[in-house]
1. Starting from the Cα of Asn326, step 7 Å along the direction of its Cβ; do the same at Ser375; then give the gap between the two resulting points in nm.
2. Explain nothing, just the number: relative contact order of the chain, from Cα pairs under 8 Å at least 6 residues apart, as a whole percent.
3. Work out, step by step, the length gained on full extension between Val429 and Asp166: first 0.36 nm times the residue separation, then minus their alpha carbon distance; give nm to one decimal.
4. Between Thr422 and Gln354, what length comes free when the chain is fully extended (0.36 nm per residue of separation minus the Cα-Cα distance, one decimal in nm)?
5. Counting alpha carbon pairs within less than 8 Å and at least 6 residues apart, what relative contact order, in whole percent, applies to the stretch 209-368?
6. Once the whole set of protein chains is in place, how much accessible area is left on Val158, using a 1.4 Å probe, in Å² to the nearest 10?
7. For Phe17 paired with Ala230, estimate the spin-label separation in nm (one decimal), with each label point 7 Å from Cα along the Cα-to-Cβ line.
8. Using a 1.4 Å probe on the protein heavy atoms only, what accessible surface does Lys271 show? Give it in Å² to the nearest 10.
Amino acid sequence: KEEKISIIETAQLFGGFQGPKTYLVLFQNNTELRPGGGFIGTYAVVRVENGSVNVVTVEGSGRLDARAPASFQPKPPKQIQEYLGINTWFFRDSNWFPDFEKSAQKALEFYRLEGGVAANDIDMVIGVTPTVLERILAIIGPVTIDNIEFTASNVTEVLEYEVEYDYKKRNIPFEERKRIIQPFFTHIIRAVKRSVLFHLSDYLNLAQDMIQEKHILVYAPNNPERSVVAAYGADGLIQKTDGDFLLWVDTNLAALKTDHAMERVLDYVIKKDSNGVFTSQVRMNYNHTGNFDWRTSRYRTFAKVYVPKGAILTSAEIVHNGNRKNIPLSSIDSGEFLDKTWFGFFISIEPQTQKTVSLSYKLPETIQEQIISGSYSVIIQKQLGTIAHGLTLLLDFGKTIVGANPPEEKVEWGNAEYVMETDLRTDRVFRIELE
């Protein structure tokens, strides 16, 4: 990343002190994961000038989609057609890419084509998840709107329940069910402005954490904002690398808000096969901890696994209740995206059950050569909007490891295996030197 500029310079640029700025804010619900961070249930347009924040509009994305002109009929990705039964690609489903720049560009394109307010004035697109809201409420304290109290621990669930169910008890029309968002959002902005000077370090730490953990994402089409966003690591791009790479992306398809109940552990294994070729195996262990209720159902995901370009899939299997079942390779989709190869498949997991999906693939020659030459590195990137999947590595290179960053536990030193247990709260980079 580029060298960071000062907080004051950043505030001047993004606070509209060098000219007014208009932001399209995507509220990406990470309890309903999508590749770009979470389902876009609500959006806002915010105008900032000389530090003054004006909320131009806040509404459910469905209302914008309902106003789309009849001529607006882009064909959606086949997974949206097949698993959601939708034949038009709307704004609410626009963040379909694991690279935030690509998702934001599509969201902005659809926002303009659907006739969004101030569509031609948008300077930047910002994605935020409810995790950010929870952290803000931990600083400012509880907020009460329409006799509903929102706290750091309940805000995501209570907001979801209000706009999905409770509005009926309050005799609010369906098309107005998200109207509580505007006063709520306005109240939050005012409370933050009142408290920021007293809790400046808390807000700076919050912003740093939420950017690093990919709960705040920013797409800025033009410099100097683009350079600043990149310097802070807030662009949410798929990383470029000449080394090994892994990114597992889940897409919640008609599974309500079930991601709140899903526990995941990602395992990555490298070993040499009988022909002396280094192969990788990536396993995702899904544990559905929930039960059927108003926000939880069986989990339905179309998962895409992004690996180095040129990797060749050799086998796939699923383990459920101790039973292993091979997955025909013909049933697994594949393609290329941003100089990466991907493999994709659909899976469902019932409440209170576990499933493990594993894919094995031959690493491309460039990675084989790096291992043989004695210098290996891998970027394991977290999906935008996720919390902190578990992550384990077991890398067996067949020759002694002489250095590693991060280092293993000391008891593991001096052998041919690199063993690590951590999490994907942030992207992880591993560098290993071999004898």
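1. If labels sit at Asn326 and Ser375, their model points lie 4.0 nm apart.
2. Dividing the mean separation by the residue count of the chain yields 15 percent.
3. Between Val429 and Asp166, full extension yields 90.2 nm more.
4. 22.4 nm
5. 25
6. The accessible area comes out at roughly 40 Å².
7. Those two pseudo-labels are separated by 2.5 nm.
8. Estimated to the nearest 10 Å², Lys271 gives 120 Å².
The values are calculated or read from the model by the stated rules, or taken from the named source; none is laboratory data. Everything quoted here is computed from the prediction, not taken from an experiment. All Cβ positions, glycine included, derive from the backbone under ideal geometry; neighbour counts span all protein chains shown. Side chains included, ligands, DNA and RNA excluded: accessible areas come from the protein's heavy atoms. Shrake-Rupley method; radii C 1.70, N 1.55, O 1.52, S 1.80 Å.
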